[in-house]
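Below you'll find the structure, written out as structure tokens, and then a few comments.
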Amino acid sequence: MADPQAPPEYKLYRTRPSLRGRRGDDGSMLDELRQAPPDVKPRRRITVGRVVKWIVLALVAWVGLSLVLFLISAQFNQDQVSAAAQAQLADGGVGIIKPQTTLILGSDQRTASTKEPGASTSGPSRSDSILLVRTGSGHSAKLSIPRDTVVDIPGHGRDKINAAYAFGGAALTVQTVKQYLGISIDHVFEVNFDNFPALVDAMGGINYTGGCVVSRINGGYKNGGFTLRLRRGTTHINGKQALALSRTRKNLCNPRENDLTRARRQQKVISAMKSRVFSPACFIRLPFISWNAPKTLKTDMRGPALLGYAMGTALSGSPPTRVLKPSGGVTLPNGGAGLVVSDAEKQREVRLFLNG
């Protein structure tokens with residue numbers, strides 16, 4: 001039993017060195033740990049400048065993706081015109097630093113199931129539209145040649161100009177146009193109408209402004225074709241409607257229309273497509289447009305050359321399309337009827353086209 005008078009016993013315990021003691025008595029290390037732990041980085045503030053930078057990078061990436069898709073599609077999914085057609089071209093570059101003349105052709109060949117009167121479904125077909133486009137170095141002009149214009153076709157005598165495509169394809173058409181107008185042609189495009197609706201749909205459709213149109217393509221709905229009905233004014237149309245509108249020969253809404261009216265309507269469709277491509281609303285669709293655009297064309301250009309041409313065309317603006325005006329009609333040796341354009345009219349339009 002312990003003596004109650006004895007002094008109490010004490011045990012001595014040692015503690016670990018304090019944080020204050022490790023770095024001195026000023027407590028600097030403890031303060032440092034409290035203020036900024038070594039394994040935690042401070043968060044960067046979101047500023048207006050950083051947000052703008054992210055948006056610009058995203059836009060550049062989106063445009064870059066579109067360009068890559070365009071080049072891939074142009075390289076692997078595009079058909080080229082024949083070697084004979086390329087031999088007729090002047091090959092004057094891609095139309096950025098100097099003016100270029102391009103011939104755009106559309107065939108009137110239809111599918112085998114068509115019930116449209118007079119439509120060609122196999123073998124040689126005539127050119128449905130003939131358009132000359134002048135672009136590059138600040139120049140911008142369009143000239144349409146009516147398909148029934150009577151000309152001298154090399155090796156085939158006098159006939160409608162659209163017959164040149166049936167006789168010798170793009171090669172003979174280029175040769176005929178050069179001889180008829182006395183100009184050189186640098187490039188040629190043959191429009192593939194099978195893929196045309198897909199391109200318009202990739203744009204989200206287009207806005208067409210014009211008069212009332214009612215037409216039955218390939219026999220109309222009742223015969224397995226397509227019936228087009230457009231009111232007067234501005235209408236948003238899809239790919240099938242745009243193709244039907246471009247192919248309309250007989251407008252039930254206005255039976256007095258002729259081939260010149262049809263040519264102007266086609267140019268309105270092309271202009272509407274160009275305006276749609278460069279609109280803000282179409283920017284989000286740019287990759288889809290870039291992938292589908294080369295599929296609609298046969299041309300002498302591929303990949304980078306076609307891209308350079310597209311850039312030159314975009315910078316050249318969108319002028320109104322002029323049309324060769326016939327001075328009268330003529331009966332052909334085969335009994336058909338055609339249109340004659342006077343030399344004065346032809347020379348005037350060529351001068352405006354080259355210097356526009």
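Some notes on this structure:
- Of Pro294, Ser279, Thr235, farthest towards positive along the dipole that unit charges on Lys, Arg, Asp, Glu beta carbons give the stretch 227-306: Thr235
- Only protein heavy atoms count here; under a 1.4 Å probe, Lys160 has an accessible surface of about 40 Å².
- On the basis of the beta-carbon distance and an R0 of 35 Å, Thr209 and Val60 show a calculated FRET efficiency of 0.55.
- Scattering from the stretch 178-222 was approximated by placing one identical point on each alpha carbon and applying the Debye formula without solvent; log10 I(q)/I(0) at 0.14, 0.17, 0.19 1/Å stands at -0.71, -0.88, -0.93.
- With a cut-off of 11 Å between beta carbons, the residues surrounding Leu260 carry a summed charge of +2, where Lys and Arg count +1 and Asp and Glu -1.
- For the residue pairs Lys240/Lys298; Lys295/Lys346; Lys268/Lys295; Lys178/Lys250, the alpha carbons lie more than 27 Å apart in Lys295/Lys346; Lys178/Lys250.
- Annotation: amide H of Val81 within the under-5 Å range of Thr299, Asp300, sequence separation 5 or more or interchain, hydrogens built in the peptide plane.
- Loop-located chymotrypsin sites (Phe, Trp or Tyr not before Pro) in the stretch 267-303 whose Cβ has at most 15 other Cβ within 10 Å (DSSP): Phe278
- Gyration tensor verdict on the stretch 125-200 (Cα atoms; rounded if a/c is under 1.5, prolate if a/b is larger than b/c, oblate otherwise): oblate
- Counting only protein chain heavy atoms and rolling a 1.4 Å probe, the accessible areas of Asp148, Asp343, Asp128 rank, largest first, as Asp343, Asp148, Asp128.
- Among the trypsin sites (Lys or Arg not before Pro) in the stretch 261-356, those located in a DSSP loop and surrounded by at most 15 other Cβ atoms within 10 Å of their own Cβ are Arg302.
- Relative contact order (%) - criterion: Cα under 8 Å, at least six apart; region: the stretch 309-356: 28
- The three principal axes of the Cα atoms in the stretch 299-356 give end-to-end lengths of 47, 26, 15 Å, sorted in falling order.
- Across the stretch 125-216, the relative contact order, built from alpha-carbon pairs under 8 Å that are at least six residues apart, equals 19 percent.
- Percentage relative contact order, the stretch 159-302, counting C-alpha pairs under 8 Å, at least six apart: 29
The values are calculated or read from the model by the stated rules, or taken from the named source; none is laboratory data. Just so it is clear, the model here is predicted, and its values are computed rather than measured. Note: ideal-geometry Cβ built from the backbone for every residue, glycine included; neighbour counts use all protein chains shown. To get the accessible areas, we keep the full protein, side chains included, count just its heavy atoms, and leave off ligands, DNA and RNA. Shrake-Rupley method; radii C 1.70, N 1.55, O 1.52, S 1.80 Å.
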